[in-house]
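Here the structure is laid out as C-alpha cells; the discussion comes afterwards.
The values are calculated or read from the model by the stated rules, or taken from the named source; none is laboratory data. On a predicted model such as this, the values are computed, not experimentally measured, just so you know. Ideal geometry is used to build each Cβ from the backbone, glycine not excepted, and the neighbour counts take in all protein chains shown. Please note that ligands, DNA and RNA were not included when accessible areas were found on the heavy atoms of the full protein model with its side chains. Shrake-Rupley method; radii C 1.70, N 1.55, O 1.52, S 1.80 Å.
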Amino acid sequence: MPSLDSLDSFLFSLSRIFCTPIAVFIQIQGCLICLALALGWALAAYVRNREIKQMNDAMKNGNSFPFLYHDINELEHCSQLNLPRVSVVMPLKGFGEHNLHNWRSQITSLYGGPLEFLFVVESTDDPAYHAVSRLISEFQDHVDAKVIVAGLSTTCSQKIHNQLVGVERMHKDTKYVLFLDDDVRLHPGSIGALTREMEKNPEIFIQTGYPLDLPSGSLGSYCIYEYHMPCSMGFATGGKTFFLWGGCMMMHADDFRQDRYGVVSGLKDGGYSDDMTLAAISGAHKRLITSPPVAVFPHPLATDLNFGRYWNYLRKQTFVLESYISNVNWMMNRALFGTHCYLSWGFVAPYFMALIHVAAGLRFYVNAYSVEETPYTFGGLYLVTILAICTLVELLSMWNLTRIEVKLCNMLSPEAPQLSLATYNWGLVFVAILVDNFLYPISAVRSHFSQSINWSGIRYYLKDGKISKIERAQRSKDMDPVFTDLGGKHLYGKKGLPMRGSFISSLSRSLAQWHQPKKFDC
C-alpha cells in the first residue's frame, strides 16, 4: 500500500472531521434549506399555473382576450365607462438598451378607463428626458402622458423624491396611483388586473408584483436572477403577502393626498427605500398588501452586466436593511439581517464540505489506499449523495417555476416576442446560487459598518435609519458610474430614439378612441 502524503492525510482528516455530529447537522441543514426552497417554488408554480389554466378555460369558452379579462363581458363599453382613473408615476434615471421597450409597454396599456402617465426625471440633463419626450410625442394624440422635472432631492432618495413630485402632479380625480420602475415591462392587461383587485377589495393598501429576470448570459446576471428567485415565492401567493416590490406598487391616491398612516411624511423624511418604508408602514398599521397571480413582469437584464455591477446591486439590496422608520422596524430588519446571513452561509457550507468529501474520496480511489490503514471514512460520500439529490430537487423546482412564469408572461403578452427557457444556463444558475449566498453576508456586514451607498451616482449617508446627507459629485470614478446596475443604463448622454409601433400600440389607440363618450347611454 502506498504511504500517505501530507495532502492526502489532510484531506482524509478533514473529511473525517466533517462527519462529526456538528458537521453532519450543518450538512443536513443545507439539505433542508434546499428542500424548503423547492417546496416554496412548487407552491408558487401551482399559483401561477392555476392562472394559466383559467386563461385556457376562458379561451375554450370563446374569450379571445383572456390576457385582459377572464369574463369577455367586462370588455363591454358600459363596463369600461365605469372604470376608475389611474395615474401611473414612473421615476426615471438614465437611458439603457431596454428602456424604450419597457416604456412603450407601459403607455400602450389596454386599460379602458381614464389613464395618465407621469414620467419624472431629476433634470433635463438626464438622457431619459430626451428619450421619453420623443416617445411621448409619437403618442401625443392618443395617450395622456407628460414628463415632469422634479429637481434634486434633499431629504430622501432621488427615486422617492421623483415619486412624491409625480403624486403632487397627478390628476385631481385620480383614484389609484401606480408606481412603476422604468425597467418594468408591463403586459397589456396589467393595469386593469391591478385596478380590478383594488375595486374588489377596498381594504387593500398596496397591490404589488414581481419581476421575472431574463439573464443575459453573464455570471452577474445569473446571480441577480438567483437573488430574486427565493423572494418570488412570497409574491406568488395569489392574494395576501407581506412582501412588497418597489418596481410595481398600486395604492389609493387619497392615501397620499391626506398623508394617511404617514405615507408621505414617512417617505419624505429621510426615506431611502420606497418599498421597505411602505412595507413597514403597512405592518405598523396592519394594512393589507396583495399580489395577484398575473403580476409577474419580464425583466431583461443588460447584455453587458458584469460582476462589478452585480456587486453594487447586492450592496444596495443589503443596505436597505440599515434604513428604518421605527424601533419595531429596526428590530425586524435586524432579525432579517441575522436570519438571511445565517441561512446564506448555512446553505453554502455543506457544498464546501461536500467538495472535501469528494476530493478525499477521489484520492482514496486513485491511490488505492486501504480503509484499515487510513483515517478515511465513506460516511462523507453518503452525505454528498444526499446533498446532490436535494440540490437536484431544488434546481428542478426552480426550473419548473421559471418555465411556468415564462409561459404565463407569453400568454399575458401574446403580441410580444416570446420568452424561452432555452436561453437559461442551469450550470451557471447553480454557480450563481453558491456565489450569491456566499457574498450576501459579506455585503450585509459591509453595509452595516459603512452606513453609506452609491446609488446611480448619488451617495447617501444614513443616521438612525434615515438619510442624513446626500452627496453629488462631478463625474468622478467613485461617485458617478457611467452605467446603472441592472439595465446598463447610461447616466450621461445616449439620447435614445423610439422604436416602431406595433399591433398593441395600434389597438391601444383604438381603445382610447373607443372609450370616448358616445351619443348613446348604457
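Per-residue ellipticity at 222 nm from helix content only, as computed over the chain with -39500 (n - 2.57) for each DSSP H run of at least four residues, stands at -17000 deg cm²/dmol.
If the chain linking Gln140 and Gln54 were pulled fully straight, counting 0.36 nm for each residue of separation and taking away their Cα-Cα distance, it would gain 27.4 nm.
Rolled with a 1.4 Å probe across the full set of protein chains, the surface gives Ile204 an accessible area near 10 Å².
Stretched out fully, how many nm does the piece from Ala335 to Phe25 gain, at 0.36 nm a residue minus the Cα gap?
Full extension from Ala335 to Phe25 adds 109.4 nm.
Using alpha carbons only, how many angstrom separate the centre of region 408-437 from the centre of region 38-113? Result: 20 Å between the Cα centres. Under 5 Å from the amide H of Lys466 lie the amide H atoms of Tyr324, each residue being 5 or more positions distant or on a separate chain, with H modelled from the backbone and absent for Pro and chain starts.
Compared with the direct C-alpha span, the chain from Thr303 to Tyr382 gains 24.4 nm at full extension, assuming 0.36 nm per residue.
If the limit is 18 Å between Cα atoms, which of Lys93/Lys172; Lys268/Lys466; Lys172/Lys286; Lys286/Lys466 go over it?
From the list (Lys93/Lys172; Lys268/Lys466; Lys172/Lys286; Lys286/Lys466), the Cα-Cα distance tops 18 Å for Lys93/Lys172; Lys172/Lys286; Lys286/Lys466.
In this rough spin-label picture, where each label sits 7 Å from Cα along the Cβ direction, the Ile470-Tyr365 distance is 6.1 nm.
Between exposed chymotrypsin sites (Phe, Trp or Tyr not before Pro) in the chain, where DSSP calls loop and at most 10 other Cβ atoms lie within 10 Å, what's the longest gap? The longest uninterrupted stretch comes out as 243-519. Measuring nothing but protein heavy atoms, the accessible surface of region 202-343 at 1.4 Å probe radius is 62 percent carbon and sulfur.
Rolling a 1.4 Å probe across the protein heavy atoms gives the chain an accessible surface of 44 Å² per residue.
With the simple model of a label 7 Å out from the Cα in the direction of the Cβ, Lys407 to Leu392 spans 2.3 nm. Could you tell me the calculated FRET efficiency between Cys78 and Leu288, based on Cβ-Cβ distance and R0 = 41 angstrom, to the nearest 0.05? Rounded to the nearest 0.05, the efficiency is 0.90.
Of the trypsin sites (Lys or Arg not before Pro) found in region 279-351, those that fall in a DSSP loop while having at most 15 other beta-carbon atoms within 10 Å are Lys286. The calculated FRET efficiency for Leu152 paired with Gln418, based on their beta-carbon distance and R0 = 30 Å, is about 0.10. Along each principal axis, taking the top coordinate minus the bottom one, the Cα set of the chain gives 98, 58, 44 Å in descending order. The three principal axes of the C-alpha atoms in region 170-282 carry coordinate ranges of 46, 34, 25 Å, sorted with the longest axis first.
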